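Enquirer: Take a look at the following structure, please.
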Amino acid sequence: MSLEKYRHIIMECVSCGLCQSNCPIYRQTNLESHSAKGKMTILFALLEGWLNWDEVAERMYECTTCKNCQATCLSGLDIPAVVEAARAELVKRGLGNKISAQLVENMQKTHNPFGEDPKARNRLKELAEA
Amino acid sequence: MLGTIKQLIQIVGETNVVSAKVDRIAYSRDLTPYFAVPDAVVFPMNTEQVVEILTLLNEKGVPVTPRGGGASFQGSSLAVKGGILLDLSRMNKIIEISNEDMIAIVQSGVRYETFEHELEKRGLTFPHDVGSHDAATIGGILASDSNGHHAYRHGRVGAWIQGMEVVLVDGTVLRLGTRAPRYNMGYNLAALFAGSEGTLGIITEATLKLAPRMPVEATVGAFFKNLDGLISASLAISMSGIDAGTIEATDGYTVKTISDVMNLGFPTCEGNFVGDVQGFDEENLQRKLMVMEKILKEHGGENIITARDEETTNKLWAPRLEIDTAIVKVHPGYREFGFAAADPCVPLSKQAEAIREIGRIIRSHGVIAAVFCHAGIGIIHPAVLIDARNREHWVAMKKAEQEILEYVVSIGGVVTAEHGFGYVKNPYVRMAIGPDKLELDRKIKKLLDPNGILNPGKMALDTEERDSDVGFIYKEYVTDKEMTE
Ligand SMILES: Cc1cc2nc3c(=O)[nH]c(=O)nc-3n(C[C@H](O)[C@H](O)[C@H](O)COP(=O)(O)OP(=O)(O)OC[C@H]3O[C@@H](n4cnc5c(N)ncnc54)[C@H](O)[C@@H]3O)c2cc1C
Ligand code: SF4
Ligand code: SF4
């Protein structure tokens, strides 16, 4: 399991919480599973077999990988690398991000990420030209 | 529990009750080796909701563990008995900042640095800058009677509480103090709730005394071949009356490790000094700096550096603040844990001896020691750095912990002076305060929380054990029971 390679980072997280301060997601919700501290705890529980992959999927996608947590981390840990490894594993297990999948499908079907009728764009173009 | 959760949802709404396993597990860890998952996390949004929640849970006898940012070192905000984790972080309004009355009124979930930035705009400060920065909430800081980096100058946080709103388990809302600076009206209950670690009531609001922000400041660093010189310099700085902001000492091992890892070029020393000093104008600051530098030199300080810019200031503070980052690089897999000997306090005259002896005790068990000292106030922070996959290291940490605390008490010191007892110090409370005080503490607890629902398992109020009711994040962890076998 590729996440196993990152176990040392997951275990080096001392759960101090310094990463809460500038996480754009956690600052909106105050929900610990959105912070890097919470994510490392969740992944620890996953590696121990106390959580399943489908239970952690949503929280792993709720991260911008902005590295703000790494900037304030007491131990200087590369949290986004761990989150990305978890995502890679999720995709392999058929638990890819539903929103990304939807965006890809939209692009294929409608040539825009929003799934909107491409004719609407042509109409706008015509209006602009008129 | 399901019925209780439904009732809690009725009080605070669906979005403020967290019961999914993945989200509950995110609240199960702090700096200690423990793992404790609450049955649900509840976020009240106002005092009225706290009243309703406590009344309900008190009737049902469900454990309630209050939590602010969860940055406690000692397992204080872990739900070791399960039940409800009462997370106050969404009660985060700064209600008022008054320059005229030099006070601020805040809800308990306000974060320390967020608050401080608002105060800065008005030339004010709440000078209790805990090292947990914005992870810490005002409620957590008050409930732990915390000790900021500038406690040398400003003292403990307890004395800065002008008023407090506290909800008791039976739903009573106590209002202690007002915006008037002083009161002396019967027992000082605000002082009782400060440092009560969430075992007596829920702090929902606080009226805090503020200080003027000094316009200029500088940080001074110096290196000592001999710790005795460093400590005598610290005492001389205190006696000079220059009113420094903070006076810190770090042991030579830590200075060398940080210097090597960060390439800082610090000289070899037995200890390094870092202090800061504030002035009401440049001339005032320069005079203080002159006195400080002279004292440092007279007592054997070398390579004295005075920093006015952020980069040099950070460099000077690095030995004090960067050990966790450095140790991971030098010894991958090693880390610090919250343990019972993390914050003892010794008489000022014994500081040099204690820094040395505590370091010696830890190293004698074959693990790494980094020792820090708030040199103006006698608090020593030993960090034991271990490879947590090695059972022998856990044994070493536990043996060192006991020896350090026995040593500290033998030289007239105390077991804890900053983080409080929490969960991890349960077995040491009786030794620390004696049977009579413990008995009285338990009577006070019984009076205010007869069903024992508030933060159970802490401060030896209902058990003098640890390790018995929690999980561990490392299977190699050695429990107290295993230590005695
Ligand atoms: C990196 C780091 C550095 C630190 N540096 C310092 C330092 O310099 N000085 C220092 O003193 N401590 C320090 N600490 C310890 C800790 O951060 C502080 O004690 C801080 O005050 C905790 O605030 P919190 O909101 O995270 O509290 P929590 O951990 O959430 O709670 C702490 C205690 O208070 C109780 N509590 C929380 N909110 C309330 C409330 N509203 N009503 C009643 N009880 C409540 C909890 O039940 C618990 O017992 C540090 C911790 C870390 C991780
Ligand atoms: S990388 Fe993810 S967890 Fe870290 S701060 Fe950014 S959003 Fe938060
Ligand atoms: S700051 Fe780093 S070590 Fe601390 S909790 Fe966050 S990720 Fe873990």
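The values are calculated or read from the model by the stated rules, or taken from the named source; none is laboratory data. Keep in mind the model is a prediction, meaning the values are calculated, not measured. Using ideal geometry, Cβ is built from the backbone for each residue, glycine included, and neighbour counts are taken over all protein chains shown. We work out accessible area using only protein heavy atoms, side chains counted, and drop any ligands, DNA or RNA first. Shrake-Rupley method; radii C 1.70, N 1.55, O 1.52, S 1.80 Å.
Enquirer: Give me the dipole magnitude in Debye, nearest 20, for the range B:216-328 about the Cα centre, with unit charges on the beta carbon: positive for Lys and Arg, negative for Asp and Glu.
Expert: Working: 9 positive and 19 negative charges, 63 e Å.
My answer is approximately 300 debye.
Enquirer: Going by alpha carbons, how many degrees (0 to 90, nearest 10) lie between the helix axis of B:429-448 and the longest principal axis of chain B?
Expert: 30 degrees
Enquirer: Taking every DSSP beta bridge with both residues inside chain B, roughly what % is antiparallel (nearest 5)?
Expert: That works out to approximately 90 percent antiparallel.
Enquirer: Compute the distance in nm between two label points, each set 7 Å from the Cα along the Cα-to-Cβ direction, one at residue B:294 and one at residue A:5.
Expert: For residue B:294 paired with residue A:5, the spin-label model returns 6.2 nm.
Enquirer: Let me know the charge dipole size of the protein assembly as shown about its Cα centre in debye, to the nearest 20, where only the beta-carbon of Lys, Arg (+1) and Asp, Glu (-1) is charged. Please report the intermediate quantities before stating the final value.
Expert: Values: 65 positive and 80 negative charges, 128 e Å.
Value, rounded to 20: 620 debye.
Enquirer: Let me ask another. Considering only the other residues whose Cβ falls under 11 Å of the Cβ of residue A:40, what net charge follows from Lys and Arg at +1 and Asp and Glu at -1?
Expert: On the way: positive: A:7, A:37, A:39, B:29; negative: A:12, A:32.
Charge balance in the 11 Å sphere: +2.
Enquirer: With charges set only on the Cβ (+1 for Lys and Arg, -1 for Asp and Glu), what does the dipole of chain A come to about its Cα centre, in debye to the nearest 20? Could you put the intermediate results ahead of the total?
Expert: Details: 16 positive and 16 negative charges, 47 e Å.
Here the size comes out at about 220 debye.
Enquirer: Mean projection of the alpha-carbon convex hull of the range B:2-87 over all orientations, in nm²? Walk me through the intermediate numbers first.
Expert: Working: hull surface 20.9 nm².
Mean projected area for the range B:2-87: 5.2 nm², to one decimal.
Enquirer: Could I ask something else about it? What FRET efficiency do you get for residue B:175 and residue A:58 if R0 is 51 Å and r is their Cβ-Cβ distance, rounded to the nearest 0.05? Walk me through the intermediate numbers first.
Expert: Values: r = 42 Å, r/R0 = 0.82.
My answer for the efficiency is 0.75.
Enquirer: Something else about it: If you keep only loop residues by DSSP, which GluC sites (Glu not before Pro) in the range B:63-146 have at most 13 other Cβ atoms within 10 Å of their Cβ? Please list the in-between numbers first.
Expert: Working: sites: B:96, B:100, B:113, B:116, B:118, B:120; in loops: B:100.
Those that pass, being in a loop and sparsely packed, are B:100.
Enquirer: Still on this structure: Counting pairs of alpha carbon atoms under 8 Å apart in space and at least six apart in sequence, what relative contact order in percent does the range A:2-94 give? Don't jump to the answer; show the numbers that get you there.
Expert: Values: 105 pairs, mean separation 33.8, N = 93.
Computed value for the range A:2-94: 36 percent relative contact order.
Enquirer: By how many degrees, 0 to 90 and rounded to 10, does the Cα axis of helix B:47-60 deviate from the longest principal axis of chain B?
Expert: Between the helix axis and the principal axis of chain B, the angle is about 60 degrees.
Enquirer: Let me ask another. Counting pairwise Cα distances across the range B:115-222, what percent come out greater than 25 angstrom? It would help to have the intermediate numbers written out before the result.
Expert: Values: 1338 of 5778 pairs.
Here the long-distance tail beyond 25 Å is 23 percent of all Cα pairs in the range B:115-222.
Enquirer: Straight-line reach only, C-alpha to C-alpha below 18 angstrom: list the aspartates and glutamates that residue B:329 could link to, leaving out same-chain residues fewer than 8 apart.
Expert: A:12, A:78, B:260, B:387
Enquirer: Would you kindly enumerate the cysteines in chain A that have no other Cys beta-carbon under 4.7 Å from their beta-carbon?
Expert: So, A:13, A:16, A:23, A:63, A:66, A:73.
Enquirer: Continuing with the same structure: By the gyration tensor of its Cα atoms, with a ≥ b ≥ c the square roots of the eigenvalues, what is the shape of the protein assembly as shown: rounded for a/c under 1.5, prolate for a/b over b/c, or oblate?
Expert: Here the protein assembly as shown falls in the rounded category.
Enquirer: Moving on to the next point. Looking at the range A:59-104, which residues lose a minimum of 50 Å² of accessible area between their chain alone and all protein chains in place, measuring with a 1.4 Å probe and not counting ligands or nucleic acids?
Expert: Listed by number, the residues meeting the 50 Å² cut-off are A:74.
Enquirer: Given Cα pairs under 8 Å that are at least 6 residues apart, what percent is the relative contact order of chain B?
Expert: On the way: 1042 pairs, mean separation 77.9, N = 485.
RCO, chain B: 16 percent.
Enquirer: When only DSSP loop residues count, what chymotrypsin sites (Phe, Trp or Tyr not before Pro) in the range B:127-216 have their Cβ near at most 15 other Cβ atoms within 10 Å?
Expert: Values: sites: B:152, B:160, B:183, B:187, B:193; in loops: B:183, B:187.
For chymotrypsin sites (Phe, Trp or Tyr not before Pro) across the range B:127-216 that sit outside H, G, I, E and B with at most 15 neighbouring Cβ atoms in 10 Å, the list reads B:183, B:187.
Enquirer: A follow-up question, please. Please go through the range B:282-345 and write out the trypsin sites (Lys or Arg not before Pro) that DSSP classes as loop and that have at most 14 other C-beta atoms within 10 Å.
Expert: Values: sites: B:287, B:288, B:294, B:297, B:308, B:315, B:320, B:329, B:335; in loops: B:308.
Passing both the DSSP loop test and the Cβ count: B:308.
Enquirer: Now for a different question. What pairs in B:21/B:475; B:350/B:458; A:5/B:425 have C-alpha atoms more than 25 Å from each other?
Expert: On the way: B:21/B:475 21 Å; B:350/B:458 30 Å; A:5/B:425 35 Å.
Where the Cα-Cα span goes over 25 Å, the pairs concerned are B:350/B:458; A:5/B:425.
Enquirer: Let me know the Rg and Dmax you get for chain B when you use only its Cα atoms, in Å.
Expert: 22.6, 70
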